[in-house]
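Structure first, then comments.
The values are calculated or read from the model by the stated rules, or taken from the named source; none is laboratory data. Just so we're clear, the structure is a prediction, and the values are computed from it rather than from any experiment. Every residue, glycine as well, gets a Cβ built from its backbone with ideal geometry; the counts of neighbours run over all protein chains shown. Side chains are part of the model used for accessible areas, which takes the heavy atoms of the whole protein and leaves out ligands, DNA and RNA. Shrake-Rupley method; radii C 1.70, N 1.55, O 1.52, S 1.80 Å.
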Number of protein chains: 2
Amino acid sequence: MDYQPRTADAWFLIDRVLQLPARLSGLNAHAEVDADLMRQVLDESAKFVADVIAPLNRVGDEQGASWDQGRVIMPPGFREAYQAFWQAGWPALACDPADGGQGLPTVLEATLYEMLSAANHGWTMAPGLLHGAYECIKHHASPELRALYLDKVASGEWLATMCLTEPHAGSDLGLVRTRAKPLPDGRYALNGSKIFISGGEHDLTDNIVHLVLARLPEAPPGPKGLSLFLVPKIDPQGQRSAVHCDRIEEKMGLHGSPTCAMRFDDAVGWLVGEPGKGLGAMFLMMNAARLHVALQGIGLLDAAWQKADAYAHERRQMRAPMAHRQGHEADLIIEHPAVRRLLDTQRAWIDAGRWLAYRTALELDRAKHAPDEAARASAQRWCALATPVLKSLFTQQAFEGASQCLQVLGGHGYVREWGIEQHVRDARVTMIYEGTNEIQAIDLLLRKVLPDGGQGLQALMQEELNALPEADRALEQRAQVWAELTHQIAQRREPAHLPYELADDYLRGLGLWMLQLAWCHIDAHRGEWPDGEQARWGQASSALQRWVLPEWHLRVQILRDTLARHPLSHPEHA
Amino acid sequence: MDYQPRTADAWFLIDRVLQLPARLSGLNAHAEVDADLMRQVLDESAKFVADVIAPLNRVGDEQGASWDQGRVIMPPGFREAYQAFWQAGWPALACDPADGGQGLPTVLEATLYEMLSAANHGWTMAPGLLHGAYECIKHHASPELRALYLDKVASGEWLATMCLTEPHAGSDLGLVRTRAKPLPDGRYALNGSKIFISGGEHDLTDNIVHLVLARLPEAPPGPKGLSLFLVPKIDPQGQRSAVHCDRIEEKMGLHGSPTCAMRFDDAVGWLVGEPGKGLGAMFLMMNAARLHVALQGIGLLDAAWQKADAYAHERRQMRAPMAHRQGHEADLIIEHPAVRRLLDTQRAWIDAGRWLAYRTALELDRAKHAPDEAARASAQRWCALATPVLKSLFTQQAFEGASQCLQVLGGHGYVREWGIEQHVRDARVTMIYEGTNEIQAIDLLLRKVLPDGGQGLQALMQEELNALPEADRALEQRAQVWAELTHQIAQRREPAHLPYELADDYLRGLGLWMLQLAWCHIDAHRGEWPDGEQARWGQASSALQRWVLPEWHLRVQILRDTLARHPLSHPEHA
């Protein structure tokens, strides 16, 4: 059973709950946008995903990408699908019209990639890197380099990579050793080895644009010595560069995406941006990239949920305690409370995830296009704080929730036939790449929250409480608890490892507050839940309250217990 | 890196904490057992596992079992390893000396299978079914049938299967449709299709003994119409029976174990036990079989922990907040709090799991061999109540904890090289087979706890509190909370689905109490923690308190909230 995009749920969140058409049309860049146009793009993208991409998921997993003497052969159908994809203009959806893009709101790119990831995570890895490369070249490359590469990357005619990781440098890019030697013509010759390069080599496009972190001669050690370079697979003269794919990895899943070991052997390229500012140039698009990974998680969880929900409405086993018996020798397993709980709980996660991700897509647009600076700053604050939370929360739930969906199928979930075990295997990597979930937690607490003593986060929470359609006492109380906890953490300067110990629970607790926030908005629109869908939304809402949110207390308790191990030497009475 | 059994930890729990040599020698059947003998068997089994079985794990996963026109070819080396295994007497370790066994305590079989599963889960599936088949034939087969098959199954010269599941009958065996037709010679001709039959066909042994659930003519529908039959692959005249393997499944993992679709096509066999008592005969050995699955979970988690621990002591990334810097450009990742927490937490689970599993192995022996009936009843009560808890708890932790261990390796965990992703894939099935974890929860609450109003469980908890080496106030208080909760559940006769809704959290909460119990015993022996190992035990103990046990409050809260949704119509003031 292939994944089937169902746009009604997403559209309900976009149009009714988040009211994005109205809010986006308030931005100059999107003044032309209206609900009809957005709905039309959403439905067309869903159709493309269903017709072209979803049917290639199984072959991508079973046949996978293969390596042959430096060439990478993609699974059957992948190239044709990709050619159709870029020629239909999908990669350029949210790119600037000045660069040949369509200038549509980021949320439509978000729904597109959510559906693509649900339908075929492996295939989607290839275009998934385009947006970051586009932004990187647009904002950092010289005019000459932009003239050569920006249009091709915006349109997706050429795919791109991010060459960061090296065998000894993963989470810690400061250890990167690849070297760039200046050439007399102003270009650079790169030497070094990179690993885990998604789409480092393939046959989807005629050229590949590599963005590579490397060190100039005499660059200082650590992250400040890193510069960014652009190395094309085929140079402007049509010659093959000295970039070699030495192997692709055997992985747990994601077999449709070649994970390449790349060797740069005096490969010639250009500096992008300023020397020593390579990491900064890459991190500029980190929020968009991490939102993208969160969307992968939401999509994969939705795909797994679809399969489990379909199975639960077809499989009969045993008598359920409250089922309506109709002449069958057993009841549908959806009638069994344990199955109902598993499915409704995932629904609660998916719906909240969509609200939060689409909301973040709005804020990415507002951060760029909002007319006044205060609005842009508020949008930027949301993006900075919400992004690591969403990346961590929804990639973990994609894996664990897809595993729960697998459980609904019992032994049939463990065999390949229904395709659900592939989602579990594919989802696992999302907890690792674009910064492991532990790195997200450190990013949130140590780099985003603590530097201003938690004031930014507190302002965000207050703004969200003020904007609720209905006041919510529980959410307010939890915001107070959170402010107090954050204050206590900020007060403690020692021991140095304390915030690192707290980071994972801190992210998780804040994430649960955000889930609750999302459902406050969805619940406030319960009068508009579509006919025939009342039960579906209501059950997910109830599942959130009963089985998801209680974890908040657990996280608070762990945080408090850890803080209590390190009492303040000079206690303040806050 | 192959799994390396480390018997010192297990032995510390067996000898010092549980004092099994002394307690076992109090049973007549094990009067000859002493610590030296037990340690010797433990170490020999570890050596066999390390030398013969562990090196075959990777090939079992990568090459796997294959099917060719009804034959199943096992991965290279599997047959030779199995022949060495049975010829060395390992399958007969705990079998009755009267049947050619060695009559050793069950705990030595437990440690053997824990290590085997850690080393090579796929290979271990084959002998893993022997014990149940042995007990089944021993206690239910006619003397003629026993004469033909008991010795061969006890020794493991012939392997055995359990043919239960059918395409439409998984958790609900009452739906089984395979039919058995009496033949004039007193035997039966079986017709039907079975799926998910582990080891239904293979080349490890010269014969395979199938135990098959089927229906006699005019048997009533449902579970009471099921009888048990023995159908050999090769009949006593040396003829191939009409049992066919039509295919093997493609699975998420466990590729070293062929999961067979079997067709019985007038296959001739014998009735085992009484007509209509087939399910009872199979369920007799359920406690031992489910303990076995819990041990698989513990073993797989230990195997994953070993790999992650080794990696964390070798990989350097970033500066850790409290590390001792010694001229390296980055610190060992074991110094990072998030990594330390992941690893120590798994250690806390593994140690508690071992204590609980070895303790259950003792109780299985006491249930058979204790001199007085009260002791046998108490042992039987432990087995009945603890077994579903351990099966569910440690299979879930095997999967989730192995995934956490994978996280320690980052991208290197997601690729096949380190072998840790195989453990995650292999472990996933343990949450499903031998009764899904949701079935375990229903078994615990609805079949074990509620029928006597919770009195048996309360007696068990009180007995455990009385037997603690040091009184533990927290454990006592939680036992009181649990008794009260159980009382409230038992009071409610309606709605009928209520206990089904509570079952999963009930099992989990009780499981956490049992983890705490296990660590009370381990902590009470802290003075005996081996030199150089103090930190290792202490960190695991601390991880339990900080990061595992807080979940107990979460479960209590969910149970209470669910009970509050269904107030008693005639409240009693208990």
Separation in nanometres of the label points that stand 7 Å from Cα toward Cβ, at B:Ala524 and A:Ala31: 7.9
Contact order relative to length for the range A:40-199, counting C-alpha pairs under 8 Å separated by 6 or more residues, stands in percent at 19
Summing Lys, Arg as +1 and Asp, Glu as -1, what charge do residues with Cβ under 14 Å from the Cβ of A:Gly411 carry, A:Gly411 excluded? -3
How high is the FRET efficiency between B:Ala242 and B:Arg376 when r is their beta carbon distance and R₀ equals 51 Å, given to the nearest 0.05? 0.75
Work out Dmax and Rg for the protein assembly as shown from the C-alpha atoms and quote the Rg first, both in angstrom. 30.4, 97
Just to confirm the numbers: B:Arg39, label point 7 angstrom along the Cα-Cβ line, distances to the other copies in nm, shortest first? 7.8
Tell me the per residue accessible area of the range A:436-479 using a 1.4 Å probe; a whole number in Å² is fine. 46
Can you give the translational diffusion coefficient of the range A:1-155 in µm²/s, computed by Stokes-Einstein from the Kirkwood radius over Cα pairs at 37 °C and 0.692 mPa s? 195
Quick one: if you stick a label point 7 Å off each Cα along the C-beta vector at A:Gln491 and B:Glu62, how many nm between them? 5.7
How long is the range A:1-91 along each principal axis, judged by its Cα atoms, biggest number first, in Å? 54, 30, 16
Label distances, nm, B:Asn28 versus same residue in remaining copies, Cβ-directed 7 Å point: 9.6
Sorted by packing (mean other beta-carbon atoms within 10 Å per residue), highest first, where do A:295-303, A:482-490 land? A:295-303, A:482-490
Assume the label is 7 Å from Cα along Cα to beta carbon: what separations in nm does B:Gln455 have to the matching positions in the other copies? 6.6
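Give the whole-number value, in cubic angstrom per residue, of the convex hull volume spanned by the C-alpha atoms of the range A:340-388. Spell out each step's value before the answer.
Details: hull volume 2.9 nm³, N = 49.
Hull volume over Cα atoms, normalised by residue count, gives 58 Å³.
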Using only the alpha-carbon atoms, what does the range A:65-191 span along each of its principal axes? Please give whole angstrom values in decreasing order. 41, 37, 28
Would you work out what percent of the accessible area of the protein assembly as shown, with all protein chains in place, is carbon or sulfur (probe 1.4 Å)? 49
Net charge near B:Gly70, counting Lys/Arg +1 and Asp/Glu -1 over other residues with Cβ under 14 Å of its Cβ? 0
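Roughly how many Å² is the accessible area per residue of the range A:371-430, as a whole number, for a 1.4 Å probe?
Values: 1330 Å² over 60 residues.
That works out to 22 Å² per residue.
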If you build the Cα gyration tensor of the range A:429-574 and take the root of 5 times each eigenvalue, what three semi-axes come out, in whole angstrom, biggest first? 31, 18, 14
In short, the range A:135-175 residues buried by 50 Å² or more of accessible area relative to the isolated chain (1.4 Å probe) are A:Asp172, A:Leu175
Which far-off residues, 5 or more places away or on another chain, put their amide H under 5 Å from the one on A:Gly200, with H placed in the peptide plane? A:Cys260
Gyration tensor over alpha-carbon atoms, chain A, equivalent ellipsoid semi-axes in Å: 37, 31, 24
Counting only C-alpha contacts under 8 Å and six or more residues apart, can you give the relative contact order of chain A as a whole percent? 13
B:Arg23-B:His328 FRET efficiency (beta carbon distance; Förster radius 51 Å; 0.05 resolution): 0.55
Between A:Arg473 and A:Arg16, how many nm apart are label points set 7 Å from Cα along the C-beta direction? 2.7
Could you derive backbone 3J(HN,Hα) for the range A:215-223 from the dihedral phi with the Karplus parameters 6.51, -1.76 and 1.60 (θ = phi - 60°), listing whole Hz in sequence and x where the residue is Gly or Pro? 10, 6, x, 6, 5, x, x, x, x
Please arrange A:Glu494, B:Glu274 by accessible surface area, largest first, computed with a 1.4 Å probe and ligands excluded. A:Glu494, B:Glu274
Cα-based Rg and Dmax for the range B:75-146, in Å, come out at 13.1, 38
Expected integer from the mean partner chain Cβ neighbour count at 10 Å over A:407-419 is 6
Quick one: which residues, 5+ away or cross-chain, put their amide H under 5 Å from the amide H of B:Ile234? H built at 1.01 Å from N. B:Ile208, B:Ser241
Quick one: dipole size for chain B, taken about the Cα centre, charges +1 on Lys/Arg Cβ and -1 on Asp/Glu Cβ, in debye to the nearest 20. 1020
Compute from the Cα atoms of the range A:405-508 the Rg and the Dmax, the latter being the longest Cα-Cα distance, and quote both in angstrom. 19.2, 54
For the interface of chains A and B, what total accessible area is buried with a 1.4 Å probe, rounded to the nearest 100 Å²? 6000
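Taking the Cα centre of the protein assembly as shown as origin and charging only Cβ (+1 Lys, Arg; -1 Asp, Glu), how large is the dipole, in debye to the nearest 20? Before the final figure, lay out each step's value.
Numbers: 112 positive and 144 negative charges, 96 e Å.
Dipole of the protein assembly as shown, to the nearest 20 debye: 460 debye.
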Env charge @ B:His121, Cβ radius under 15 Å, K,R +1 / D,E -1, value -3
Let me know the shape class of the range B:501-559, please: from the alpha-carbon gyration tensor, a ≥ b ≥ c as square roots of the eigenvalues, rounded when a/c is under 1.5, otherwise prolate if a/b is greater than b/c, or oblate. prolate
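Using the Kirkwood radius over C-alpha pairs as Rh, can you work out the diffusion coefficient of the range A:289-447 via Stokes-Einstein at 37 °C, viscosity 0.692 mPa s, in µm² per second? Before the final figure, lay out the partial values.
Working: Rh = 17.1 Å.
Rounded, D is 192 µm²/s.
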Could you pull out every one of the lysines with an alpha carbon less than 21 Å from that of A:Lys47, ignoring same-chain neighbours closer than 8 positions? A:Lys307
If amide H atoms are modeled at 1.01 Å from N in the peptide plane, then the residues at a separation of 5 or more from B:Arg247, or on another chain, having amide H under 5 Å from its own are B:Ala261
So what is the accessible area of the range B:1-114 per residue, in Å², with the probe set to 1.4 Å? 43
Using only C-alpha positions, report the orientation-averaged shadow area of the convex hull of the range A:210-266, nm², one decimal. 5.7
Here the range A:155-162 yields Karplus 3J(HN,Hα) values (6.51, -1.76, 1.60; θ = phi - 60°; whole Hz; Gly and Pro given as x) of 6, x, 4, 10, 8, 9, 10, 10
For the range A:500-512, Karplus-derived ³J(HN,Hα) couplings (6.51, -1.76, 1.60; θ = phi - 60°; whole Hz; x for glycine and proline) come out as 5, 5, 8, 4, 5, 5, 5, 4, 5, x, 4, x, 5
